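See structure below.
Since every read-out is calculated from the coordinates, none of them should be taken as a lab result. Not measured: the values here are computed from a predicted model. Ideal geometry is used to build each Cβ from the backbone, glycine not excepted, and the neighbour counts take in all protein chains shown.
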Amino acid sequence: MGRPRTFDAEQAVSAAATAFAAHGYEGTSVDDLVTATGIHRGSLYKVFGSKRSLHLTALRNHLDHEIRPSTAALATVTDPTQALTTAIASYDNGPAAGLLLLAAAERAPHDPEVAALVAEGITALEDGLRPSHGDAAPRLASTVLGARLRLRAQPPASKEY
């Protein structure tokens, strides 16, 4: 009989999502995940199977707990300008801000499961914009994604050149 689990898997997934969001999939090593989650390497592999599996779990968690709630709230905004402003400010935000964008750029072209999760996130954004923008929702979703990417690309305010 194995030892009982001494960590909260949900907290580990959230910590991993934050690490993946900060450094991308390729830029996050298993050692980085061990440090971020506070879980030993063997336990990470035993519970999640692989780095890829943990990434998929983190991405699903991000969709369920951050993306879908923000897009559901967005669907209640009827003013088109306010809906677009809200979407730009809140989409793919939160503790794992940018995780979906990074997954779209880095992993989706090579991993069909990641591509499917990214598509779910983008569809959720389009559905959130549809009440205020109708058939223009897909085009505006692209605008939101571009704006979020530009926000992410800005250097930290404290960084000087």
Using the Cα centre of region 9-152 as origin and beta-carbon charges of +1 (Lys, Arg) and -1 (Asp, Glu), tell me which of 18, 72, 133 is placed farthest towards the positive end of the dipole.
18
Charge dipole (debye, nearest 20) of region 9-152; +1 at Cβ of Lys and Arg, -1 at Cβ of Asp and Glu:
200
For the chain, calculate the relative contact order in percent as a whole number, restricting contacts to Cα pairs under 8 Å that are 6 or more residues apart.
24
Extension reserve of the residue 82-residue 150 stretch, reckoned as 0.36 nm per residue once the Cα distance is removed:
22.5 nm
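Sequence gap at least 6, Cα distance under 8 Å: using those rules, report the relative contact order of region 44-107 to the nearest whole percent.
30
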Just the Cα atoms of region 9-152: what Rg and Dmax do they give in Å?
15.7, 51
On a 0 to 90 degree scale, rounded to 10, what angle separates helix 9-23 from the longest Cα axis of the chain?
60
Relative to the first principal axis of the alpha-carbon coordinates of the chain, what is the inclination of helix 137-153, with its axis defined by its Cα atoms, in degrees from 0 to 90 and to the nearest 10?
60
Rounded to 10°, Cα long-axis angle of helix 51-62 versus longest principal axis of the chain:
40
